[in-house]
Amino acid sequence: MGNGLVAYCSPKSWRRQKKEVSLPSPGSFDELHKSCKEVFPQQMEGVKLIINKHFSNHFQISHSIHMSTVGLSSYHFNAKYFGDHQPSPSENFPTLIGDIDNMGSLNAQIMCLLADRVRSKSVFQTHHSKFQTWQIDAEYRGDTCTGTLTFGNPDIINESVIMVTHFLQSITPRLVLGGELVYHQRMGEEMAILTLAGKYTAQNWVATLNIGYGGAHASYYHKANEQIQVGVEFEANTRLQETSFAFGYQLNIPKANVVFKGSVDSSWCVGGVLEKKLHPLPVTLALGAFMNHLKNKFHCGFSIMVG
């Protein structure tokens, strides 16, 4: 009788043990495909020089000069300010970022912490000294869910606005489900698009799927080992009746301070970028080449980053 009472588990204690299984935060909706996208190389052409200067832990600037062989050459000045409040290792509040080029185009961002779980971001953009767009959003980050509401270019006089809302919920320690609703009103016209999203994270791989009225976007990321990572993306647009497929990989050689990223897609565009860090100097060299076989176009680029 005594042993039986010890082995018995009441419904209350079972529920208490179930609550002890904590679910992770699902993160931001915009970062669902981040693991896969980071494997692909960024296209580059011409010659680019980037000089970073860190004045303190709070303030840094950078100068960027791009001499293009395809379009116009440009110069960018970027300044960043990071506040003292740090809720996580990758976040500082408030954060102010400003980027302006030689044509007078400005891109400014302001990120602040309204409450312990509420973040806000404002974005302002101008093009050739003329106002182009602005948006403001608020994000709530709970222990197991994330919700975001964004307003873009609200215009009361012309009755136009773009509203986007995201929601993600951790169902299990590995599964995240959610959705996105985009509402657009302009000149008496209204349109709403609903997209459902899911993400499954295993020990060495991540699978993500977005599907809705406009089409579908699926990605798969796999980390084979510390040196090799691969990613696969598939996109289908039902309105344009187009589909695309892309495969990318990343090769890390820590002993040589080298990172190589390569990709190939369904339009027969093949490319790769090789990055080399010149330790102990604060210099990073990058060389990239891309070839589009269907359009018979080839371009390459070289960049130097100091600091």
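The values are calculated or read from the model by the stated rules, or taken from the named source; none is laboratory data. Quantities reported herein were computed from a predicted structural model and do not represent experimental measurements. Positions of Cβ are backbone-derived with ideal geometry, glycine not excepted, and every protein chain shown enters the neighbour counts. What goes into the accessible areas is simple: the full protein's heavy atoms, side chains included, and nothing from ligands, DNA or RNA. Shrake-Rupley method; radii C 1.70, N 1.55, O 1.52, S 1.80 Å.
Since Pro89 meets every condition but one in (1) touching a strand residue (DSSP E or B) at 6+ places or on another chain (Cβ under 6 Å); (2) over 19 Å from Thr165 (Cβ atoms); (3) modelled with pLDDT under 95; (4) not small (Gly, Ala, Ser), which condition does it not meet?
Among (1) touching a strand residue (DSSP E or B) at 6+ places or on another chain (Cβ under 6 Å); (2) over 19 Å from Thr165 (Cβ atoms); (3) modelled with pLDDT under 95; (4) not small (Gly, Ala, Ser), Pro89 violates only (1).
Determine the pairs where a residue that is of a type in the set (Val, Ile, Thr), located within region 121-132, has a partner that is open to solvent by 60 Å² or more (accessible area, probe 1.4 Å) with Cβ atoms under 6 Å apart, the partner being 6 or more residues away or on another chain.
Sorted first by the residue in region 121-132, then by its partner, the pairs are Val123/Gln135; Thr126/Leu106; Thr126/Gln132.
Out of the residues in region 140-171 that are of a type in the set (Val, Ile, Thr) and part of a strand (DSSP E or B), which is most open to solvent (accessible area, probe 1.4 Å)?
Top of the filtered list is Ile162.
How many residues does region 38-56 hold that are surrounded by 18 or more Cβ atoms within 10 Å (Cβ to Cβ), out of contact with any Asp or Glu (no Cβ under 9 Å at 6 or more places or on another chain) and in a loop (DSSP other than H, G, I, E, B)?
Narrowing region 38-56 to residues surrounded by 18 or more Cβ atoms within 10 Å (Cβ to Cβ): 39-41, 44-45, 48, 50.
Now restrict to residues that are out of contact with any Asp or Glu (no Cβ under 9 Å at 6 or more places or on another chain): 39, 41, 44-45, 48, 50.
Next, from what is left, pick out any that are in a loop (DSSP other than H, G, I, E, B): 39, 41, 44-45.
Going through region 38-56 one residue at a time, the tally reaches 4.
Can you tell me how many residues within region 172-206 are assigned to a loop (DSSP other than H, G, I, E, B) and either loosely packed, with under 14 Cβ neighbours inside 10 Å or among the aromatic types (Phe, Trp, Tyr) (or both)?
Here the count works out to 7.
What pairs can you find where one residue is in region 101-117 and in a loop (DSSP other than H, G, I, E, B), the other is β-branched (Val, Ile, Thr), and their Cβ atoms are less than 9 Å apart, with a gap of 6+ or different chains?
Gly104/Thr126; Ser105/Thr126
For region 101-108, state whether one or more residues are closer than 30 Å to Ser25 by Cα, open to solvent by less than 40 Å² (accessible area, probe 1.4 Å), touching a Gly at 6+ places or on another chain (Cβ under 8 Å) and modelled with pLDDT of 95 or more.
yes
Just wondering, is there one or more residues in region 67-74 that are assigned to a loop (DSSP other than H, G, I, E, B), without any contact (Cβ under 8 Å) to a residue 60 or more places away in the chain and either charged (D, E, K, R) or at positive phi (or both)?
no
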